[in-house]
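Just so it is clear, none of the values below were taken in a lab; they were calculated from the coordinates. Keep in mind that this is a model prediction, so the values were computed, not measured. Positions of Cβ are backbone-derived with ideal geometry, glycine not excepted, and every protein chain shown enters the neighbour counts.
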Amino acid sequence: MQVGSDTSRARDTSVNGDWAIEAHGLTRVFGKNTAVEQLDLAIPYGTVFGFLGPNGAGKTTTVRMLTALIAPTRGTAHVAGYEIGADNQAIRQQVGMLTESPGLYDHLSALENLVFFARLYNLSADEANHAAESYLRSFDLWERRKETVGGFSKGMRQKLAIARALLHNPPIIFLDEPTSGLDPAAARMVREEVKKLRAEGRTIFLTTHNLTEAEELCDLVGIFRTRLLRLDTLERMRQGHQAQRIRIVLGGAAAPWLPTVQALHLVEQAVAEERCLMVTVASVQQANPLLIRTLVEAGAEIQYVEPMDESLEHAYLRLIGTEGE
Amino acid sequence: MHHMLTLCYKEWLELRHHRTLVAGLLIPPFMLTMLPIVTVWLSGFAPPGDMAEEMNRTLTDPALAQLSGLELGQAMIGQQFGLLFMMLPLIIPNVISSYSIVGEKTNRTLEPLLATPISTSALLLGKAFTAMVPAVGITWVCGSIFIISMARFTVSPAVFTAIVSPAWLLLLIIAAPLMSLISILLTLAISSRVNDPRSAQQIVAVLIIPVMLFFFAQTVGFVSLNIVMVMLLVLALAIIAACCLWLVVRLFQRETILTRWR
Ligand SMILES: Nc1ncnc2c1ncn2[C@@H]1O[C@H](COP(=O)(O)OP(=O)(O)OP(=O)(O)O)[C@@H](O)[C@H]1O
Ligand SMILES: [Mg+2]
């Protein structure tokens with residue numbers, strides 16, 4: 001699945017290849033269990049991509065394949081223009097990664113943790129210290145840089161782990177459930193950080209099962225459970241079923257008209273709320289003219305008729321089903 | 001190269017806070033150094049030992065041929081403990097290297113570590129080097145303390161040269177680092193497959209068996225160290241170390257380490 005260029009932000013000039021992340025038939029099998037099946041993706045540079053799916057959907061497995069940590073059983077993928085399996089070192093250098101658990105050295109100080117990773121990402125000693133300092137300062141951890149990470153709160157660790165993902169200034173960043181387990185303030189702080197990165201034009205692959213978060217941050221959304229069920233821009237995801245749900249605003253109370261509406265065979269569901277009728281129809285083309293004519297003929301005063309946005313949650317639940325989680 | 005050193009530096013920083021690990025690291029060498037020194041010193045006052053055993057020993061080791069009863073007793077005790085030293089390069093690194101991969105797993109730092117552009121060989125060598133430097137360093141320091149004490153506490157220069165023989169020095173200087181390397185590589189290989197450092201530590205029990213066998217063989221006068229034997233041993237150790245390296249590189253698959261562990 002590919003998505004139009006309407007999602008691509010101002011492009012980084014140093015980019016490689018057409019897409020930041022591109023996958024074809026990516027599949028990973030663990031024993032008898034298929035974690036990821038036939039995943040096709042094409043994510044333009046500068047996009048915040050929300051990868052949504054329930055627990056055990058295979059999100060982390062996908063992230064691990066795309067960051068060259070584990071090999072796919074079948075299929076290929078390119079990240080920053082480099083092929084996974086062939087150019088793993090190059091991919092690792094191009095990609096910043098926030099793993100599911102922060103994974104910091106508890107016995108080292110915040111500063112030592114960052115400098116260590118920065119050095120592994122091939123920064124010189126000076127650059128490493130400099131980068132570590134600037135992130136510690138911007139994440140309000142500078143005062144505590146000498147404390148060992150073992151004594152840090154969950155939110156502080158998460159900030160530090162995000163800083164680690166950014167040290168080498170990677171164009172592509174994978175964030176695996178960045179706000180899970182954080183209190184609202186810490187989660188907000190992390191989301192603000194994602195917005196900053198987005199403004200800098202970085203490509204972000206954000207794994208989450210928090211739909212509100214995805215709505216707030218993402219340009220492009222993939223709904224995934226072992227297979228990619230849907231890939232679209234957030235706008236289109238929301239509009240996806242708009243034509244099927246309409247709101248009819250009347251001059252007076254809506255409840256008396258409910259039986260009339262429900263009696264129509266093309267109407268799947270109807271709810272009355274004060275002066276509004278919320279109607280779900282099988283097909284707009286056929287149902288709407290009939291619905292409106294029937295109401296007018298019955299004497300209803302229609303003030304206006306409008307399509308209703310489907311929330312991301314609706315789209316998600318429709319695709320994933322309400323079970324699970 | 002700089003990845004490897006960066007990793008070593010990190011490991012040593014971590015060791016600062018691992019008090020129990022450091023204690024585990026220092027207690028065996030302390031014991032294995034103090035015990036021989038005290039025993040050799042005390043044996044300077046002891047009556048000569050069992051003649052039958054002495055006869056046997058003088059046949060296998062010419063350095064013992066001209067010694068008096070007292071000298072012989074002390075030289076033999078010194079030689080026995082000199083051999084026990086060879087357990088140090090096996091035991092010391094094991095404590096560190098058994099934690100090195102398992103520790104990254106339990107800390108959950110393995111995944112971010114493997115996500116960096118560090119090569120697998122730099123990772124392995126860094127881990128090995130981290131354990132080898134203290135192992136060889138401590139062995140040599142303890143060896144030097146032992147040599148100095150022998151010079152001081154032996155009853156005659158002949159006893160000193162019988163204990164601190166060229167063969168023993170060769171063992172200390174060249175065989176010890178090779179032995180520590182073998183111990184480390186095997187521990188790393190196991191440590192990448194298990195989730196508990198104790199499982200990885202058990203390998204050391206297997207590794208010290210040859211040292212113990214030699215120790216008992218020498219006790220009963222069956223063999224004694226000589227320079228040719230040690231040179232052959234060094235050669236054999238070098239070959240074994242190379243095999244271990246090959247094995248570890250083969251066993252150490254980044255992906256397997258990550259996915260086998262849940
Ligand atoms: N190393 C592994 N060995 C065997 N099975 C695995 C392994 N890693 C993942 N799986 C299986 O693959 C499936 C997907 O797991 P994954 O961790 O990718 O899901 P996820 O979408 O990240 O879930 P969550 O939201 O809980 O983090 C699960 O059924 C899991 O049991
Ligand atoms: Mg996951």
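For the range B:88-110, the residues whose backbone nitrogen is under 19 Å from a point 7 Å from the Cα of residue B:141, taken along Cα to Cβ, are B:88-97. For residue A:183 and residue B:242, a Förster radius of 51 Å and the Cβ-Cβ distance give a FRET efficiency of 0.40, rounded to the nearest 0.05.
Hey, with R₀ at 25 Å, roughly what FRET efficiency would residue B:223 and residue B:161 work out to, going by the Cβ-Cβ distance, to 0.05? The value I calculate is 0.85. Could you identify which residue out of A:254, A:20, A:71 has the top mean-square fluctuation in a GNM of chain A using Cα springs shorter than 10 Å? Taking springs between Cα atoms under 10 Å, the residue moving most is A:254. Over all distinct alpha-carbon pairs, what is the Kirkwood Rh of the protein assembly as shown in angstrom? About 28.7 Å, per the Kirkwood formula over Cα pairs. Can you tell me the orientation of helix A:154-166 relative to chain A, as the angle in degrees between its alpha-carbon axis and the longest Cα principal axis, to the nearest 10? Its long axis makes an angle of about 70 degrees. Over chain A, with a Gaussian network built from C-alpha contacts below 10 Å, which listed residue (A:306, A:112, A:213) shows the highest mean-square fluctuation? Most flexible of the set in this elastic network: A:306. Considering only trypsin sites (Lys or Arg not before Pro) in DSSP loops that have at most 13 other Cβ atoms within 10 Å, the longest stretch of chain A without any of them is A:147-325.
Take chain B, connect every pair of alpha-carbon atoms lying under 10 Å apart with a spring to form a Gaussian network, then pick out the residue of B:242, B:131, B:175 with the largest mean-square fluctuation. Among B:242, B:131, B:175, the largest GNM mean-square fluctuation belongs to B:242. Counted as membrane-span-like here are DSSP H helices of chain B whose alpha-carbon atoms extend 30 Å or more along the helix's own axis and whose Kyte-Doolittle mean is 0.5 or above; these are B:19-43, B:120-153, B:227-251.
Within the same chain, lysines fewer than 8 places from residue B:127 are excluded, and of the rest, those with a Cα less than 24 Å from its Cα are B:10, B:105.
The distance from the alpha carbon centre of the range B:212-239 to that of the range B:59-120 is 16 Å, rounded to a whole number. The Cα-based radius of gyration and maximum Cα-Cα distance (Dmax) for the range A:166-325 are 20.7, 68 Å.
Taking the C-alpha atoms only, the angle from helix A:284-297 to the longest principal axis of chain A is near 40 degrees.
Simple spin-label estimate for residue B:42 and residue A:86 gives 7.1 nm between the two label positions (7 Å along the Cα-to-Cβ direction from each Cα). I'd like the orientation of helix A:125-138 relative to chain A: the angle between its Cα long axis and the longest Cα principal axis, in ° from 0 to 90, rounded to 10. Helix A:125-138 and the main axis of chain A meet at about 40 degrees.
How many lysine pairs are close in the range A:32-167, with Cα atoms under 23 Å apart and the two 8 or more places apart or on different chains? Total qualifying Lys-Lys pairs in the range A:32-167 comes to 5.
Roughly speaking, what is the stretch gain from residue A:93 to residue A:142, that is 0.36 nm per residue apart minus the C-alpha to C-alpha distance, in nm to one decimal?
That works out to 15.1 nm of additional length.
When you filter the GluC sites (Glu not before Pro) in the range A:264-316 for DSSP loop state and at most 16 other Cβ atoms inside 10 Å of their Cβ, you are left with A:274, A:301. Compactness check for chain B: Cα Rg over 2.2 N^0.38 Å is 1.13.
Across chain A the C-alpha pair distances fall into 10 Å bins from zero in the proportions 6, 23, 27, 20, 12, 8, 4, 1 percent.
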